[in-house]
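Heads up, the thing below is written out as structure tokens.
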Protein chains: 4
Amino acid sequence: MAKRKNSDLHGNAPDNSSIALLLIDVINDLEFEGGEILLPHALPAAKRIALLKERCRSAGIPVIYVNDNFGKWQSDFKKLITHCLKDQTRGQKIVELLKPGKHDYFVLKPKHSGFFSTTLNLLLEHLGAKTLILAGWTGDICILFTAGDAYMRDYQLIIPGDCVVSQDEKENQRVLKFMERVLDADTSSSDQIELPETHHLMKKFATRR
Amino acid sequence: MAKRKNSDLHGNAPDNSSIALLLIDVINDLEFEGGEILLPHALPAAKRIALLKERCRSAGIPVIYVNDNFGKWQSDFKKLITHCLKDQTRGQKIVELLKPGKHDYFVLKPKHSGFFSTTLNLLLEHLGAKTLILAGWTGDICILFTAGDAYMRDYQLIIPGDCVVSQDEKENQRVLKFMERVLDADTSSSDQIELPETHHLMKKFATRR
Amino acid sequence: MAKRKNSDLHGNAPDNSSIALLLIDVINDLEFEGGEILLPHALPAAKRIALLKERCRSAGIPVIYVNDNFGKWQSDFKKLITHCLKDQTRGQKIVELLKPGKHDYFVLKPKHSGFFSTTLNLLLEHLGAKTLILAGWTGDICILFTAGDAYMRDYQLIIPGDCVVSQDEKENQRVLKFMERVLDADTSSSDQIELPETHHLMKKFATRR
Amino acid sequence: MAKRKNSDLHGNAPDNSSIALLLIDVINDLEFEGGEILLPHALPAAKRIALLKERCRSAGIPVIYVNDNFGKWQSDFKKLITHCLKDQTRGQKIVELLKPGKHDYFVLKPKHSGFFSTTLNLLLEHLGAKTLILAGWTGDICILFTAGDAYMRDYQLIIPGDCVVSQDEKENQRVLKFMERVLDADTSSSDQIELPETHHLMKKFATRR
């Protein structure tokens with residue numbers, strides 16, 4: 001559009017925090033082959049993610065939904081949520097637990113990694129995030145791809161093992177160990193994460209770079 | 001999420017067309033300094049863009065809104081449209097003319113170029129687009145940046161001179177000539193664009209790449 | 001620089017092939033902690049890779065060295081090769097086996113994935129490559145990262161299990177199975193790869209996209 | 001390759017500086033149509049660029065050659081330099097003036113912008129650069145494209161007007177004004193640039209991001 005202060009994104013990203021919580025693909029109707037296998041793992045994880053999200057919000061840590069979907073007018077994120085909630089889908093209870101709040105961000109991802117062909121990295125840079133907490137599913141695909149891309153971009157990773165699920169539980173454990181070994185990820189369970197005091201996070205919104 | 005056929009985007013992009021129409025930043029309240037200068041240029045251009053869009057839709061050419069904004073939950077694209085329409089903004093009449101239809105795509109861009117940190121290129125590849133028609137504002141900033149990025153990615157460019165406006169009309173003419181000379185853009189007026197017959201565009205949805 | 005035919009890359013990439021062989025990090029002095037563990041796995045693999053490379057060259061399949069390093073004037077790729085060969089390094093024999101020929105391409109990668117912040121994807125698009133053969137090390141890091149990025153970009157993957165090594169052989173087997181399951185990679189041994197006849201590959205150099 | 005400290009690039013970028021000098025396409029044989037028109041502009045500019053480069057080196061500011069070319073084994077950068085110097089090319093005198101020194105970096109670019117499909121941005125982030133000085137040619141193509149991409153990535157721009165040339169001098173002046181107006185570039189002549197004292201630049205090499 002017309003010129004403006006370049007330090008702004010063309011929109012708003014008012015938060016500033018060295019930590020961000022990324023919820024990967026938690027908004028999903030689970031109406032695909034294998035969804036019925038994922039559900040019994042995903043639902044209890046969703047409860048833990050909801051608690052973690054609540055703690056993050058209290059600590060002033062921004063929450064970013066990084067979710068499958070694509071930029072069609074008719075398939076926007078709100079519509080997806082409504083579909084999950086109203087159309088008696090497998091994902092209904094999870095979406096009830098993890099419904100985005102009005103302060104949450106979202107980034108639609110067209111492929112497996114949240115960083116591929118999306119604004120995610122730019123958003124994180126503007127937030128000032130250096131540490132990412134990843135939660136969601138599935139561990140061995142979209143979490144792994146997103147974590148690998150985050151690692152190459154020098155983010156510190158916290159991937160609480162009890163907030164990540166895959167269709168095969170053994171594979172899930174394997175990939176958690178892999179991310180611990182190769183990506184230096186902290187995979188302790190979510191109640192072990194020590195979140196900083198709010199005021200530590202809330203540094204003044206400095207000009208970035 | 002879980003695995004799926006990789007040839008799909010994670011969402012839907014059913015169209016297939018060698019041409020795409022990109023509407024750059026046309027959804028805008030124009031409530032910024034200089035917006036009052038842009039309005040008298042932009043409104044008549046919006047009428048011509050609306051006609052061009054109608055012709056494109058008839059020819060089966062997908063329309064993609066590439067628009068400023070950022071991924072905050074509370075500032076989604078529909079909300080922006082509602083704001084432009086209901087809050088008595090300068091942009092109201094334009095947005096009435098150019099309101100997205102249910103088949104249109106949209107891509108929110110965080111910076112000047114529609115290709116920077118967005119899914120635009122991936123969407124265009126999946127559509128099979130090789131020629132882009134650019135319309136919107138402003139010519140000397142977001143249109144120029146987007147056109148330059150499109151050129152580096154080997155797209156053919158049609159940038160109808162009567163569908164692009166800038167705050168300064170002289171600069172607008174200059175940048176149109178520049179894009180003609182350097183980016184090989186066709187800048188003839190919109191009524192000179194020959195759109196292919198629908199059935200020529202509608203090749204079968206081949207595997208891409 | 002000055003304007004030129006845009007269909008060219010600024011340099012030359014005359015080959016055209018639907019398949020490309022990527023050699024990942026094979027040029028290395030192995031003079032790091034753990035290099036002595038990798039060497040006994042890597043040396044026999046290097047012999048098989050050398051054979052595979054020879055078959056690829058005969059079939060007109062371009063070979064691309066995708067190798068760690070960074071763009072310092074004084075640390076260019078030729079210098080790295082000379083260092084490996086002349087300075088009595090652990091990697092000497094491997095580099096002798098896999099020394100680049102005058103028709104080979106190379107892409108220096110700054111991080112784990114060959115696609116991250118490099119020209120690799122653009123080069124592959126210009127070559128017309130749709131299928132990638134990956135060989136080199138280590139399987140559980142740079143091969144995995146590169147394969148994941150290739151998969152998201154819709155390349156077909158052939159990752160011959162006997163041409164990929166990691167420090168831990170069990171991890172190597174695990175990651176090969178993972179790439180088979182999640183990335184649809186063919187991980188059969190290199191002598192099982194059927195390369196197309198030369199003349200099938202040598203389609204005329206069509207304008208791309 | 002094998003795992004290593006992730007904070008390193010896979011290679012070396014030891015410098016640390018908030019400013020970097022980018023020399024765009026100065027290594028060129030000028031043996032293309034129009035090269036004879038560019039030469040009389042480029043040669044005197046090369047003398048000024050050589051002085052500027054010398055001042056930068058004295059101030060500890062890293063110099064990065066961002067140059068056309070592509071990653072073929074046989075067409076590496078050193079070979080290009082030798083060709084320009086030995087084969088009686090139009091560019092010979094310029095390349096003599098601007099021959100890279102052993103501390104200089106180089107980034108080969110496949111297209112017009114130095115940022116497109118290259119490691120440039122990652123290198124600049126590792127150097128800690130926030131301000132870029134751009135010099136070279138041509139002003140209305142590769143300098144403009146690179147400057148636009150730099151601006152979107154929030155770099156401050158210094159583009160000394162006497163160190164940038166285009167085939168058409170009027171166009172060159174126009175594009176300089178454009179970059180001043182739209183990209184907030186400082187286009188004063190090179191002798192007006194105030195370089196910081198060395199010790200101001202040499203902050204300790206902090207962990208980045």
Which members of the stretch B:15-38 meet the condition of being within 29 Å of B:L195 (Cβ to Cβ) and not in a loop (DSSP other than H, G, I, E, B)? B:I19, B:A20, B:L21, B:L22, B:L23, B:I24, B:L38
For D:V107, indicate whether it is in contact with a Leu (Cβ under 7 Å, 6 or more places away or on another chain) and under 25 Å from C:L23 (Cβ atoms). yes
Mind counting the residues in the stretch A:130-155 that are open to solvent by 10 Å² or more (accessible area, probe 1.4 Å) and within 13 Å of the chain's Cα centre (by Cα)? 3
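Considering the stretch A:176-196 alone, what residues qualify as being assigned to a helix (DSSP H, G or I), more than 12 Å from chain C (Cβ to nearest Cβ), open to solvent by 20 Å² or more (accessible area, probe 1.4 Å) and within 23 Å of C:Q167 (Cα to Cα)?
A:E180, the sole residue that qualifies.
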What is the residue count in the stretch A:97-107 for residues that are crowded, with 17+ Cβ neighbours inside 10 Å and at the interface with another protein chain (Cβ under 7 Å from one of its Cβ atoms)? 5
For the stretch C:117-128, enumerate the residues that are facing chain D (nearest Cβ under 8 Å) and open to solvent by 10 Å² or more (accessible area, probe 1.4 Å). C:S117, C:T118, C:T119, C:N121, C:L122
Within the stretch A:54-77, is even one residue at pLDDT 95 or above, more than 30 Å from B:L39 (Cβ to Cβ) and surrounded by fewer than 17 Cβ atoms within 10 Å (Cβ to Cβ)? yes
Residues of the stretch D:156-175 being open to solvent by 10 Å² or more (accessible area, probe 1.4 Å), facing another protein chain (nearest Cβ under 9 Å) and in a loop (DSSP other than H, G, I, E, B), in sequence order, are D:Q167
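The values are calculated or read from the model by the stated rules, or taken from the named source; none is laboratory data. All values reported here derive from a predicted model rather than from experimental measurement. FYI the Cβ positions are ideal-geometry reconstructions off the backbone, even for glycines, and counts take in every protein chain you see. These accessible areas exclude ligands, DNA and RNA; they are computed on the full protein's heavy atoms, side chains included. Shrake-Rupley method; radii C 1.70, N 1.55, O 1.52, S 1.80 Å.
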